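Engineer: Structure in structure tokens, see below.
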Amino acid sequence: MQHALESLRHACPQVVAAAVVGLDGELHAVTADQDLDGVVGPTYTALDTVAQRAVQELGRGQLTFCLLEGAFGRIVVQDTGDGRALVVVSDEGARLGLLLDDVRAAAKAIAAAPEVAHA
């Protein structure tokens, strides 16, 4: 799982943080330029709650993907299909199509990896 995160950052240097987060907000793995351990989990939990409700209220089924864009970059959340999510933070220089391809490939690799708790 950690290898998948590091491979993602290597493939897309504009990724400044990547984490695998459980549905409860617990970090399972993380790699980041800055100390985001205490921020990613709670932020994911809040975002997931709002996004889940939105897709359900609008009859769009189960949430599988979420993209946020700010002035300084993007946050991508991709469900890994195994009760975890991949949260990726990139700077504004990342090309969206390439970033999304890399995120989806990493999510597949993470889903195939055994779950190991982050220390």
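The values are calculated or read from the model by the stated rules, or taken from the named source; none is laboratory data. Please read all numbers here as calculations on a predicted model, not as lab measurements. Virtual Cβ from ideal backbone geometry, glycine too; neighbours counted across all protein chains shown.
Engineer: Taking the stated definitions as given, is residue 72 aromatic (Phe, Trp, Tyr) and in contact with a helix residue (DSSP H, G or I) (Cβ under 9 Å, 6 or more places away or on another chain)?
Structural biologist: Criteria not met by residue 72.
Engineer: Spot the failing condition for residue 5; the list is (1) modelled with pLDDT under 90; (2) within 17 Å of residue 111 (Cβ to Cβ); (3) not basic (Lys, Arg), and only one is missed.
Structural biologist: Looking at each condition in turn, residue 5 falls short on (1).
Engineer: Just to be sure, is residue 88 of a type in the set (Val, Ile, Thr), part of a strand (DSSP E or B) and free of Cβ contacts under 8 Å to residues at least 40 places away in the same chain?
Structural biologist: No: the conditions fail for residue 88.
Engineer: Condition first: in contact (Cβ under 8 Å) with a residue 60 or more places away in the chain, hydrophobic (A, V, I, L, M, F, W, C) and in contact with a strand residue (DSSP E or B) (Cβ under 7 Å, 6 or more places away or on another chain). Now tell me which residues in segment 13-37 satisfy that.
Structural biologist: 15, 16, 17, 18, 19, 20, 21, 27, 29, 30
Engineer: Residue 62 fails exactly one of the following numbered conditions: (1) under 11 Å from the mean Cα position of the chain (by Cα); (2) farther than 25 Å from residue 98 by Cβ. What is the number of that condition?
Structural biologist: All conditions are met except number (1).
Engineer: Looking only at segment 38-63, count every residue that is in contact with a strand residue (DSSP E or B) (Cβ under 6 Å, 6 or more places away or on another chain) and exposed (fewer than 15 other Cβ atoms within 10 Å of the Cβ) and tell me the total.
Structural biologist: Within segment 38-63, residues that are in contact with a strand residue (DSSP E or B) (Cβ under 6 Å, 6 or more places away or on another chain) and exposed (fewer than 15 other Cβ atoms within 10 Å of the Cβ) number 0.
Engineer: Right, next: Please state which one of 91, 33 is surrounded by 13 or more Cβ atoms within 10 Å (Cβ to Cβ) and either farther than 20 Å from residue 113 by Cβ or of a type in the set (Asp, Glu) (or both).
Structural biologist: 91
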